[in-house]
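Step one of this worksheet: look at the structure below.
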Amino acid sequence: MSQESFKLAYREIGIRLCIPGISDDNADVQRLVKETLSSGNIGDWLMVVDNADDSQVLVGVDNESDGLARPIDYIPHSNKGAVLFTTRSRKAAIDLTQSNVLEVNDMGKIEARQLLARRTTKQELLNDEAAVDILLETLTSLPLAIVQAAAFMSQNNTSVSEYLSLLQSASTKSELFREQFQDPSTYRSMHSTIAKTWHISFEQIQRQDPLAAEYLSFIACIDRVGIPQSILPPEKFIIQQVKALGTLTGYAFITERQQTVPGSGERFFDMHRLVHMALGWWLEGHGKQADWADTAAARVEELVPDLWHEGREVWGAYLPHAKHVAELVKIMDGARSASILERLGRCQMSLGQYASAITSHREASSLRKEILGLEHPDTLTSMSNLVSVLSKQGKYEEAERINRQELECTKRVLGPEHPDTLTSISHLALILDRQGKHEEAEIMNRQTLAQREKVLGPEHLSTLTSMSNLAGVLNIQRKYYEAEAMNRQTLARYIKVLGSEHPFTLTSMSNLALVLDSQNKYKEAEIMNRQTLALREKVLGPEHPDTLTSMNNLAGVLERQSKYKEAEVIHRQTLEQREKILGSRHPDTLTSMGILVGVLCRQGKYEEAEAISWQTLAQREEVLGSEHPDTLTSVYGLAQILAQRHRVEESLQLYQRASAGYDAVLGEGHPKALACRRRYADLRASQEQQLNYAPSTLQSGAGETTKKTSKLSRGLAKIGIRGSKH
């Protein structure tokens with residue numbers, strides 16, 4: 001059981017239940033399946049989570065502090081259904097269920113005989129009851145061993161007595177496998193029994209169907225579950241492949257999954273864990289593991305795209321196998337393992353699986369540093385990719401530290417104008433921008449753009465990336481005219497080079513909508529945001545972080561057109577999804593919380609707005625630091641809310657803090673700094689006036705309340721975050 005196989009299994013369940021929308025490329029499969037099974041509308045059901053031996057696969061996360069959703073969070077709950085975990089680990093059983101742990105005893109003689117009879121196609125082979133008893137005793141009534149023995153006897157018309165003779169001769173040959181197990185005695189005996197039955201069948205397959213034996217050797221080097229037929233080494237004659245797969249299913253070495261997408265043409269297979277282990281040990285013992293691992297690595301490199309590519313519903317099924325192959329070849333060929341991990345990490349990043357991508361890129365970077373050295377170009381590429389995905393995950397401090405180290409090495413090794421050096425500078429500028437260091441980011445982006453246009457040309461993708469990044473930082477600094485012109489030019493070039501639906505093109509559309517929004521061109525911004533959202537849902541899926549950014553930006557422009565109800569609904573959906581996908585501490589999640597506060601205030605929902613504001617402020621202080629512009633925006637906004645709720649002293653303290661912070665970070669002449677000082681002065685003057693003329697304060701009436709609400713709303717609009725830059 002792995003997280004990848006868990007996701008694939010949920011897709012199969014959803015398709016078999018005919019859940020509406022489950023077959024869409026961009027469906028939120030795990031959520032749809034959980035909600036359907038939990039609804040109680042589909043009758044009685046039983047879910048079996050098999051081989052849950054490592055509880056961390058289900059209950060663990062890559063970074064617990066990020067609060068990312070775990071597979072266990074998608075387990076359904078309903079009084080019409082039940083969930084059964086099977087595991088060989090008592091610790092895992094307790095971790096998963098706390099109670100209701102049932103130990104399964106060994107299969108009894110009667111059950112073992114019934115299983116053998118069911119799996120043997122010719123019952124006359126079992127006429128010798130004494131021999132059957134000896135066979136079951138020899139196999140220790142182990143179900144997998146019985147199934148393998150029955151399959152062999154059925155395939156080869158072998159009697160029980162004849163099979164017992166084969167078992168005896170196989171005992172010596174299977175000693176190799178005995179030595180591999182370091183489990184308690186019960187498991188050691190069980191594994192040895194399976195090794196014997198496996199060895200008998202494997203030798204027969206080698207003689208009978210060499211292609212089937214080759215497939216077994218290949219499968220030993222990839223993941224054992226969710227094996228697509230298309231990942232197997234291609235065979236010139238399809239009939240030979242069909243025959244080989246028939247041989248393997250006939251001998252119970254693999255089991256075929258029920259076809260979940262009628263007419264898709266793809267078949268998927270699984271292999272039992274112990275059979276998979278035995279195959280690996282056989283290859284290692286016969287000196288063939290390296291050759292077959294090389295074959296598997298070459299096949300993965302052929303099928304898994306190096307960059308974002310169409311057809312992710314196809315290559316997505318290969319990713320668990322790429323991960324397995326990378327782990328297998330690590331000892332034999334660390335450089336190749338790193339190359340596969342790089343490829344895997346880029347695919348995971350394109351799918352928005354940032355936590356997994358960080359793990360892949362971090363491991364690739366570590367391997368290349370160890371094997372190639374810090375200044376090798378491949379090592380620097382790995383570090384650059386790690387920086388990129390760390391930035392996506394909002395881990396800016398670590399990203400900047402690695403980025404600066406990588407940039408220094410890249411300049412020294414490749415030169416200041418090399419494309420990789422310019423990429424490193426571009427990454428650093430983006431990280432600085434995310435940390436609120438906009439002026440430094442602008443200078444760096446302008447330098448990078450000029451050099452890329454000179455070295456790579458005006459329509460190179462890296463040049464377009466620099467144009468997009470520069471336009472973004474210009475927009476943040478309110479240089480709207482230049483930002484809009486550059487965004488329009490960038491979008492036109494992306495459409496020309498990549499087409500209208502490529503993710504890079506959609507990012508450019510999103511950025512242009514953002515700068516239109518900043519200039520109060522709300523209708524045009526709304527139209528473009530709706531177009532971008534629809535295309536991102538189609539191309540990337542509803543849970544991709546970029547899709548959530550489009551939702552956030554659309555809600556923002558709706559809010560600024562006073563369409564508060566629709567804006568609030570979308571803001572809440574975005575926040576919920578970001579908490580699940582990115583984690584509760586990700587900067588984008590905190591942005592969603594801050595923006596939701598604004599739309600709540602505009603509707604007079606101050607109590608909820610205040611509660612979320614305090615939470616957002618605490619999180620931003622911890623994640624971004626107390627002087628980050630976004631943190632100061634939280635302080636400023638909270639001060640306005642408290643003023644509206646007549647908590648003047650608290651409000652004044654927060655105004656003072658925000659004002660001092662803005663002066664230090666943005667400069668005393670910045671519009672936010674000036675506005676904050678003005679609001680502080682107004683509130684202080686109002687407080688003194690009320691102290692001097694207390695009786696008159698009761699005569700304001702409802703009209704004054706309305707004016708205050710409107711004034712607060714306008715103030716929040718001026719400091720609110722208009723959207724994430726994507």
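The values are calculated or read from the model by the stated rules, or taken from the named source; none is laboratory data. For clarity, every value in this text was computed on a predicted model and none was experimentally measured. As a convention, Cβ positions derive from the backbone with ideal geometry for all residues, glycine included, and neighbour counts pool all protein chains shown.
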Residue among 704, 622 that alone is within 30 Å of residue 550 (Cβ to Cβ), modelled with pLDDT under 85 and assigned to a helix (DSSP H, G or I): 622
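State the number of residues belonging to segment 211-246 that are part of a loop (DSSP other than H, G, I, E, B) and not charged (D, E, K, R).
Taking segment 211-246 as the starting set, the residues that turn out to be part of a loop (DSSP other than H, G, I, E, B) are 220-226, 232-237.
This time we only want the ones that are not charged (D, E, K, R), so: 220-222, 225-226, 232-234, 237.
Matching residues across segment 211-246 total 9.
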Helices (runs of 4 or more DSSP H) enclosed by segment 309-374 - at least 1 residues per element that are at negative phi, among the hydroxyl-bearing types (Ser, Thr, Tyr) and buried (at least 17 other Cβ atoms within 10 Å of the Cβ): 334-350, 354-372
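Suppose we filter segment 415-441 for residues that are outside any loop (DSSP other than H, G, I, E, B), under 31 Å from the mean Cα position of the chain (by Cα) and under 22 Å from residue 480 (Cα atoms); how many remain? Reasoning before the result, please.
Of segment 415-441, the ones outside any loop (DSSP other than H, G, I, E, B) are 419-434, 438-441.
Pick out the ones that are also under 31 Å from the mean Cα position of the chain (by Cα) and you get 419-434, 438, 441.
Narrowing further to those that are under 22 Å from residue 480 (Cα atoms): 426, 429-434, 438, 441.
Residues that pass the stated criteria total 9.
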Residue match in segment 576-584 (condition: assigned by TED's automatic domain parsing to the domain that holds residue 653 and of a type in the set (D, E, K, R)): no
Subset of segment 572-604 (residues that are touching a Gly at 6+ places or on another chain (Cβ under 9 Å) and within 13 Å of residue 547 (Cα to Cα)): 581, 582, 588
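Of everything in segment 386-425, what is of a type in the set (S, T, N, Q), closer than 20 Å to residue 445 by Cβ and touching a Gly at 6+ places or on another chain (Cβ under 9 Å)? Give them in sequence order.
First, pick out the residues of segment 386-425 that are of a type in the set (S, T, N, Q): 388, 391, 393, 403, 405, 410, 421, 423-424.
Pick out the ones that are also closer than 20 Å to residue 445 by Cβ and you get 388, 391, 403, 410, 421, 423-424.
The answer is 421, and nothing else.
Please find, within segment 93-149, the residue that is nearest to residue 195 (Cα to Cα) out of those that are assigned to a helix (DSSP H, G or I) and small (Gly, Ala, Ser). I'd like the intermediate steps shown before the answer.
Restricting attention to segment 93-149, the residues satisfying the condition of being assigned to a helix (DSSP H, G or I) are 93-97, 109-119, 123-126, 129-138, 143-149.
Among the residues that remain, those that are also small (Gly, Ala, Ser) are: 93, 112, 117, 130-131, 145, 149.
Numbers: 93: 27, 112: 19, 117: 22, 130: 24, 131: 21, 145: 9, 149: 11 Å.
Per the stated criteria, the residue is 145.
May I ask you to list the residues in segment 457-490 that are part of a loop (DSSP other than H, G, I, E, B) and either within 15 Å of residue 445 (Cβ to Cβ) or of a type in the set (Asp, Glu) (or both)? Lay out the reasoning, then the answer.
Start the filter on segment 457-490 by keeping residues that are part of a loop (DSSP other than H, G, I, E, B), which leaves 457-460, 477-479.
Within segment 457-490, 459, 477, 479 qualify.
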Residues that are more than 25 Å from the chain's Cα centre (by Cα), at pLDDT 85 or above and surrounded by 12 or more Cβ atoms within 10 Å (Cβ to Cβ), drawn from segment 18-53: 45
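For segment 55-79, enumerate the residues that are part of a helix (DSSP H, G or I) and either at pLDDT 75 or above or buried (at least 17 other Cβ atoms within 10 Å of the Cβ) (or both).
The first filter runs over segment 55-79 and keeps only residues part of a helix (DSSP H, G or I), leaving 55-59, 64-66, 71-74.
Answer for segment 55-79, where residues must be part of a helix (DSSP H, G or I) and either at pLDDT 75 or above or buried (at least 17 other Cβ atoms within 10 Å of the Cβ) (or both): 55, 57, 58, 66, 71, 72, 73, 74.
Taking the condition loosely packed, with under 15 Cβ neighbours inside 10 Å and assigned to a helix (DSSP H, G or I), does residue 685 pass? So that I can check it myself, show each step before the final result.
Values: loosely packed, with under 15 Cβ neighbours inside 10 Å: yes; assigned to a helix (DSSP H, G or I): yes.
Yes.
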Yes/no for residue 436 being in contact (Cβ under 8 Å) with a residue 60 or more places away in the chain and either touching a His at 6+ places or on another chain (Cβ under 6 Å) or surrounded by fewer than 21 Cβ atoms within 10 Å (Cβ to Cβ) (or both): yes
Output for segment 551-590, where each listed residue is touching a residue at least 60 places away in the same chain (Cβ under 8 Å) and of a type in the set (S, T, N, Q): 552, 553, 584
Boolean, residue 529 is touching a residue at least 40 places away in the same chain (Cβ under 8 Å), under 22 Å from residue 567 (Cβ atoms) and touching a helix residue (DSSP H, G or I) at 6+ places or on another chain (Cβ under 6 Å): no
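Here is a yes/no grid of residues against (1) under 15 Å from residue 425 (Cα atoms); (2) touching a strand residue (DSSP E or B) at 6+ places or on another chain (Cβ under 7 Å); (3) in contact (Cβ under 8 Å) with a residue 60 or more places away in the chain; (4) buried (at least 19 other Cβ atoms within 10 Å of the Cβ):
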site: 441; (1), (2), (3), (4): yes, no, no, yes
site: 444; (1), (2), (3), (4): yes, no, no, yes
site: 447; (1), (2), (3), (4): yes, no, no, no
site: 452; (1), (2), (3), (4): yes, no, no, yes
site: 458; (1), (2), (3), (4): no, no, no, no
site: 466; (1), (2), (3), (4): yes, no, no, yes
site: 477; (1), (2), (3), (4): no, no, no, no
Subset of segment 629-677 (residues that are outside any helix (DSSP H, G or I), closer than 21 Å to residue 610 by Cβ and in contact (Cβ under 8 Å) with a residue 12 or more places away in the chain): 645
Complete set of residues in segment 542-590 that are buried (at least 23 other Cβ atoms within 10 Å of the Cβ), among the small types (Gly, Ala, Ser) and over 22 Å from the mean Cα position of the chain (by Cα): 555, 556, 567
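Check whether at least one residue in segment 128-149 is surrounded by fewer than 12 Cβ atoms within 10 Å (Cβ to Cβ), closer than 28 Å to residue 84 by Cα and over 43 Å from the mean Cα position of the chain (by Cα), and report yes or no. Full working, then the answer.
Restricting attention to segment 128-149, the residues satisfying the condition of being surrounded by fewer than 12 Cβ atoms within 10 Å (Cβ to Cβ) are 129-130, 137.
If we keep only those that are closer than 28 Å to residue 84 by Cα too, we end up with none.
No: zero hits.
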